[in-house]
Amino acid sequence: MLYLEVTTENAKETKTLGRKIANNLVSNKQHIGNKATVLALTGDLGSGKTTFVQGLVKGLGIKQRIVSPTFIIMRTYRINLKPQTLNFKTLHHIDLYRLEDKIEAELKNLGIEEIFSDQGNLVVIEWAEKMKDFLPADTIWIKFGNIGEDQRKIVYELKS
Ligand code: ADP
Ligand code: MG
């Protein structure tokens, strides 16, 4: 298991961390065949999850502005990285904040199984603990904590 803990002092630092993690995922991409890469984000409202995703998308070369998908559960962005082979093609940004019940049915509607079974997919999930039973075993967990007005503790956990 890999465990890393970072404290950021402002939103920009959290975005930078997101960008660095994206760069790292791209350069170390190993998943092939039928497995997506899944990032599970947890932490209270305002702890910096969406801010982190904004940095992540920059690292993926996505030009569109990221808005929180809170009201629509999932947004999909095309990734254009070179070289094209063995690289991420699509970012799925999921936010389960509003989802209280029938979570399994909602996930099925989203086509989560197909999403998880494509190696070209990078999936980042806010409030991921709500679907922990449905996440792949090698999901990367990133926990966000509010420790001051602008300070956020971010813990990165890679189980396998
Ligand atoms: P979440 O998605 O976890 O609910 P957001 O990223 O939407 O959180 O909101 C975080 C808020 O906190 C933003 O308004 C951001 O500007 C502010 N903020 C202040 N300091 C930080 C920090 N160190 N990291 C991330 N966001 C911060
Ligand atoms: Mg959010």
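In the set (1) in contact with a Gly (Cβ under 8 Å, 6 or more places away or on another chain); (2) in a loop (DSSP other than H, G, I, E, B), PRO83 fails one condition alone, (1). Has the stretch 21-40 got at least one residue that is more than 14 Å from ligand 1 (Cβ to nearest atom) and at positive phi? Taking every residue of the stretch 21-40 in turn, at least one turns out to be more than 14 Å from ligand 1 (Cβ to nearest atom) and at positive phi. For TYR3, the conditions (1) part of a strand (DSSP E or B); (2) open to solvent by less than 90 Å² (accessible area, probe 1.4 Å); (3) within 17 Å of ILE154 (Cβ to Cβ) all hold with the exception of (2).
On inspection, GLU114 fails the criterion of being in contact (Cβ under 8 Å) with a residue 24 or more places away in the chain, part of a helix (DSSP H, G or I) and either out of contact with any strand residue (DSSP E or B) (no Cβ under 9 Å at 6 or more places or on another chain) or surrounded by fewer than 16 Cβ atoms within 10 Å (Cβ to Cβ) (or both). Candidates LEU96, LEU135, LEU107: the one that is surrounded by 15 or more Cβ atoms within 10 Å (Cβ to Cβ) and over 13 Å from the mean Cα position of the chain (by Cα) is LEU107.
Of all the criteria given as (1) without any contact (Cβ under 8 Å) to a residue 40 or more places away in the chain; (2) more than 18 Å from ILE32 (Cβ to Cβ), the one not satisfied by TYR97 is (1).
Of all residues in the stretch 13-58, those satisfying the criterion of being open to solvent by 30 Å² or more (accessible area, probe 1.4 Å), in a loop (DSSP other than H, G, I, E, B) and touching a residue at least 12 places away in the same chain (Cβ under 8 Å) are HIS31, ILE32, GLY33, ASN34, LYS35, ASP44, LEU45, GLY46.
The values are calculated or read from the model by the stated rules, or taken from the named source; none is laboratory data. For clarity, every value in this text was computed on a predicted model and none was experimentally measured. When we count neighbours, we look across all protein chains shown, and the Cβ atoms used for this are built from the backbone with ideal geometry, even at glycine. Please note that ligands, DNA and RNA were not included when accessible areas were found on the heavy atoms of the full protein model with its side chains. Shrake-Rupley method; radii C 1.70, N 1.55, O 1.52, S 1.80 Å.
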